Amino acid sequence: MSDSLRPESGLTSPRRWALLAGAYAFGCATLTAFLLSDLLGLFAEVIGLPAALSMPLLATPALVGGAGVWWALVERPGTVTYARGAAFGLVTALLTGALWTVRFALVWGPEMLTAGPVPLLVGFVLGAVSVAGVLVGLPLTFVRRWSRNRPEAAATANSL
């Protein structure tokens with residue numbers, strides 16, 4: 001077993017997994033932002049984000065939010081299920097989208113959320129990232145479940 005996986009390393013396994021989930025959510029959110037960059041680039045421009053860093057900046061709330069949501073929905077209850085993993089992705093995506101929608105409303109005023117095609121665009125982006133969020137939560141859940149069962153499998157193999 002590597003030293004980084006031992007309890008003496010300072011962070012308990014659930015905390016490590018929560019931090020890993022935050023980093024994973026950030027990476028997936030950045031990828032999703034780049035995939036939606038035509039639409040999100042315009043959004044980033046109108047809320048005043050620098051063009052060169054706009055896609056990673058848009059994904060940044062998923063870093064902290066993802067860690068917190070993973071901790072609350074998966075690690076704290078202690079039961080790692082695919083439904084909880086999917087909920088982690090969905091809630092993280094919606095929190096990130098809601099934060100940037102609030103930023104837009106603060107910059108342009110809440111009445112702009114009802115002007116022209118804006119509600120349609122906001123709905124499209126929130127819908128797209130929600131689907132992506134659900135799909136993103138499942139692989140991490142699989143790896144977490146596998147890691148929980150791995151020590152038992154290794155102990156069984158060693159006892160044979």
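The values are calculated or read from the model by the stated rules, or taken from the named source; none is laboratory data. None of the values given here were measured: they were computed from a predicted structure. We place every Cβ from the backbone using ideal geometry, glycine too, and count neighbours over all the protein chains shown. Surface accessibility is based on the protein's heavy atoms, side chains included, excluding ligands, DNA and RNA. Shrake-Rupley method; radii C 1.70, N 1.55, O 1.52, S 1.80 Å.
For this structure, a couple of remarks:
- Top-ranked residue of the range 73-82 - restricted to ones that are among the aliphatic types (A, V, I, L, M) and touching a residue at least 40 places away in the same chain (Cβ under 8 Å), ranked as nearest to residue 19 (Cα to Cα): 74
- Some residue of the range 68-81 being within 27 Å of residue 147 (Cα to Cα), open to solvent by less than 30 Å² (accessible area, probe 1.4 Å), among the aromatic types (Phe, Trp, Tyr) and in a helix (DSSP H, G or I): yes
- Restricting the range 118-160 to residues that are at pLDDT 85 or above and basic (Lys, Arg), the residue that is nearest to the chain's Cα centre (by Cα): 144
- The single condition among (1) of a type in the set (Gly, Ala, Ser); (2) modelled with pLDDT under 95; (3) buried (at least 20 other Cβ atoms within 10 Å of the Cβ) that residue 10 does not meet is (3).
- Being open to solvent by 50 Å² or more (accessible area, probe 1.4 Å) and within 22 Å of residue 18 (Cβ to Cβ) is a condition met by no residue of the range 44-56.
- Leading residue by the ranking (farthest from residue 122 (Cα to Cα)) among those in the range 38-60 that are of a type in the set (Gly, Ala, Ser) and out of contact with any helix residue (DSSP H, G or I) (no Cβ under 6 Å at 6 or more places or on another chain): 52
- Residue check, residue 123 exposed (fewer than 14 other Cβ atoms within 10 Å of the Cβ), closer than 17 Å to residue 33 by Cα and either touching a residue at least 60 places away in the same chain (Cβ under 8 Å) or not acidic (Asp, Glu) (or both): yes
- Taking the range 83-117 as the range and being open to solvent by less than 30 Å² (accessible area, probe 1.4 Å) and without any contact (Cβ under 8 Å) to a residue 24 or more places away in the chain as the test, the residues that pass are 105, 109.
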